[in-house]
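Below is one structure; the comments refer to it alone.
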Amino acid sequence: MSENNAVAKASEPRRDEAALLPPTDVIEDAGGITLYADLAGVPKDKLSLQVEADTLTIEGEVALDLPEGMESSHAEVSLPRYRRVFTLSRELDPGKVSAEFNQGVLKLRIPKAEHAQPRRIEIQVA
């Protein structure tokens, strides 16, 4: 392994590293699913979304900076990162995922694939 590869590998988060599971709501409708994930304390630049084959991975690094000279006496969030992995149904189209991130809430919209969409068949009179 070259030195460049070793550096790249070391900077990637380890998959077995402990992480918080962000609370998530998944809502399905006729056109697909909408996923809401609560990622409190994660800035947009520390948020990562990946779709690989049928797997959706959400990762985020918490950035809760204390003012200089202050020290936390109690912390309920002790893990510095979120990680959640979902297996996507074959009915969904992972190539058309859209994402919004607003005030710590991630909203993902994953539409159904065209083959899974209901369609009308026109009847012709002979």
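The values are calculated or read from the model by the stated rules, or taken from the named source; none is laboratory data. Please read these numbers as outputs of a predicted model, since none were measured by experiment. Quick reminder, even Gly has a Cβ in these numbers, built from the backbone with ideal geometry, and neighbours come from all protein chains shown. When the accessible area is computed, the model is the full protein with side chains, heavy atoms only, and any ligands, DNA or RNA have been set aside. Shrake-Rupley method; radii C 1.70, N 1.55, O 1.52, S 1.80 Å.
Tallying residues that are open to solvent by less than 60 Å² (accessible area, probe 1.4 Å) and either at pLDDT below 95 or more than 13 Å from the chain's Cα centre (by Cα) (or both) within segment 19-29 yields 3. With respect to the stated conditions, PHE86 is among the aromatic types (Phe, Trp, Tyr), farther than 14 Å from ALA40 by Cα and outside any loop (DSSP other than H, G, I, E, B). Of the residues making up segment 30-55, those that are part of a strand (DSSP E or B) and either surrounded by fewer than 13 Cβ atoms within 10 Å (Cβ to Cβ) or polar (S, T, N, Q) (or both) number 5.
Which residues, counting only those in segment 56-89, are over 21 Å from ASP25 (Cβ atoms), open to solvent by 100 Å² or more (accessible area, probe 1.4 Å) and either in contact with a helix residue (DSSP H, G or I) (Cβ under 8 Å, 6 or more places away or on another chain) or among the hydroxyl-bearing types (Ser, Thr, Tyr) (or both)? Residue satisfying the conditions is SER73 alone.
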